[in-house]
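One structure is given here, and the rest of the page talks about it.
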């Protein structure tokens, strides 16, 4: 049995979490590809309705943070409680090649280097990327809780409003069935 009010409400819930997550991410990181990847899908399966959220894999690391070798990170879960990050750097830091691409894209130049880099090799980029990787490995990545916070706020409302929406659907079904 398809319950239209519930489905509409769950879609509204999911869209609201996605919108708020994108807004928080935009506020913290500016326009990102990650923000564009966040989406939700409401579906009806044999066990009932399900709401699934999707984003690029690295979004989970930004949402929950990553502990470094010296600094332990925590995040605010969807229930509003602080938890230790389930992720940590142990033997390796972030890949230098990815950081090098990020440095080039951002046009970052270390202080005191004049023109910035050797035109042929781009040498400072890999050295700078190594230093950034080392620092990230040591200090970790701070949690943004850009997804967990909106999910928690909206989930509290979902629990409160769900019974009313369900009652509306059952009333509609009984009225339609008895006609």
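All of the numbers you see were taken from the coordinates with simple rules; none came from a lab. Given the structure is predicted, the values throughout are model-derived calculations rather than measurements. No Cβ is skipped: glycine too gets one built from the backbone with ideal geometry, and neighbour counts run over all protein chains shown.
Some values worked out for this structure:
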item: Burial ordering of 91, 32, fewest other beta-carbon atoms within 10 Å first; result: 91, 32
item: Estimated inter-spin distance, residue 70 and residue 26, nm [label 7 Å along Cα→Cβ]; result: 3.7
item: log10 of Debye I(q)/I(0), alpha-carbon scatterers only, for the range 17-96 at 0.16, 0.21 Å⁻¹; result: -0.77, -1.10
